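Following: one structure in structure tokens, then a few remarks.
No value in this document is a laboratory result; all are computed from the given coordinates. Remember, predicted model here, so these are calculated numbers, not experimental data. Here the Cβ is made from the backbone with ideal geometry for all residues, glycine too, and neighbour counts use every protein chain on show.
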Amino acid sequence: MQNLLLRQKVKYSYFIICIFFLLQHVYSNKIINGLEEEVKKSEFPNGFLFGTSTSAYQVEGAYIEDGRSLSNWDNYCHISGRIPNGGSGDIADDHYHRYLEDIDIMASLGVNAYQFSISWSRILPRGKLGHVNPAGIKFYNNIIDNLLLKGIIPFVTIHHYDYPQEFEDRFQAWLSPLMQEEFVHFAEICFKSFGNRVKYWATLNEPNLYMEMAYLKGVFPPSHCSPPFGKCSYGNSDIEPLLVVHNSILAHAKAVKIYRDQF
């Protein structure tokens, strides 16, 4: 299942994002009749987007800076033995401090699209119970503005598997219908804060994969599973994945409705 994509009211006939590992002149090689030939960017149709993609937890770092709360992934990775060699996203690629350098690199590669996700914990450290974190809004505003200055179109994923750990502690996150309302609140804040410049949105990144890895096999937080799928401390691999998918689909649908009705 691909990202659940929201489009702006202006409709496009099609959109393709390709992730290319590009060299200086955005060239690669193709083999025709046994002969190698250069593939040039100019050979693609006008409007074709060459893009790259990240997710917040994998690149940002700065896990307790500027008001960000601990996420489910922070909690998971900080448990001894969970991750080989004790790895975590505490620093990651330090994108939080080096995003300008990263955007310059994107521009030097010739890409004209960048898909990234928003850290829920950075925007809403406590969800609906707390306030919007202005430092988080500023960070993503800076990313979006600098992408546009370089001619790079931002594509924003609202949820890429990370959320405030408080949701897990308080109501078991995606196992509860309460998560639907938390997600809709988060999505609406993103639409209001960034929607004047962001024209492409994805609600949930690969929800089928998240369901499988977190609630069937138990290898993503919150690490729920049951035999024969795994040996977790908690979980029911027969029931919980279905609850998660159910709540995810409804959360997506509610966010789509708000976007279509109000933005």
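Picking from Glu101, Glu60, Glu188, which is most flexible by a Gaussian network model of the chain using Cα springs under 10 Å?
Glu101
Once both axes come from the Cα atoms, what is the angle between helix 178-194 and the longest principal axis of the chain, in degrees from 0 to 90, rounded to 10?
The angle comes out near 30 degrees.
Against the 2.2 N^0.38 Å scaling, with N counting residues, where does region 147-217 land? I'd like the Cα-based Rg ratio to two decimal places.
1.29
Hey, rough spin-label estimate for Phe171 and Lys150, points 7 angstrom out along Cα→Cβ, what's it come to in nanometres?
Result for the modelled spin labels: 3.9 nm.
Charges on Cβ only, +1 for Lys and Arg, -1 for Asp and Glu, centred on the Cα centroid of the chain; of Ala107, Pro221, Ile64, which one is farthest towards the dipole's positive end?
Going by the charge dipole, the pick is Ala107.
Figure the gain on full extension for Ile91 and Phe263 (residue separation times 0.36 nm, minus the Cα-Cα span) and round it to one decimal in nm.
58.4 nm
Just to be sure I understand: with springs between alpha-carbon atoms less than 10 Å apart, which residue in Ser248, Ser108, Ser80 has the highest mean-square fluctuation in the Gaussian network model of the chain?
Top of the fluctuation ranking is Ser80.
Take each of the peptides 162-175, 222-235, average the number of other beta-carbon atoms within 10 Å over its residues, and list them starting from the highest.
Highest-to-lowest ranking by the protection proxy: 162-175, 222-235.
What dipole magnitude, in Debye to the nearest 20, does the chain give about its Cα centre under +1 on Lys/Arg Cβ and -1 on Asp/Glu Cβ?
Computed charge dipole of the chain: roughly 860 debye.
On C-alpha positions alone, give me the angle between the axis of helix 95-109 and the longest principal axis of the chain, in degrees, nearest 10.
That works out to roughly 30 degrees.
How much length is gained on full extension from Glu181 to Asn208, taking 0.36 nm per residue of separation minus their Cα-Cα distance?
In short, 7.7 nm is gained.
Near the amide H of Ile153, under 5 Å away, which other amide H atoms are found, from residues 5 or more places off or on another chain, if H is placed in the peptide plane?
HN-HN under 5 Å from Ile153: Ala113, Tyr114.
Fully extended, how many nm does the chain gain between Leu129 and Asp238 (0.36 nm per residue separation, minus their Cα-Cα distance)?
Between Leu129 and Asp238, full extension yields an extra 36.1 nm.
With r as the distance between the Cβ atoms of Ile79 and Lys138 and R0 = 41 Å, compute the FRET efficiency 1/(1 + (r/R0)^6) and round to 0.05.
0.85
Give Lys40/Lys150; Lys150/Lys254; Lys41/Lys199; Lys128/Lys217; Lys128/Lys150; Lys138/Lys199 a once-over and call out the pairs whose C-alpha atoms are over 27 Å from each other.
Violating the 27 Å limit, Cα to Cα: Lys150/Lys254; Lys128/Lys217; Lys128/Lys150.
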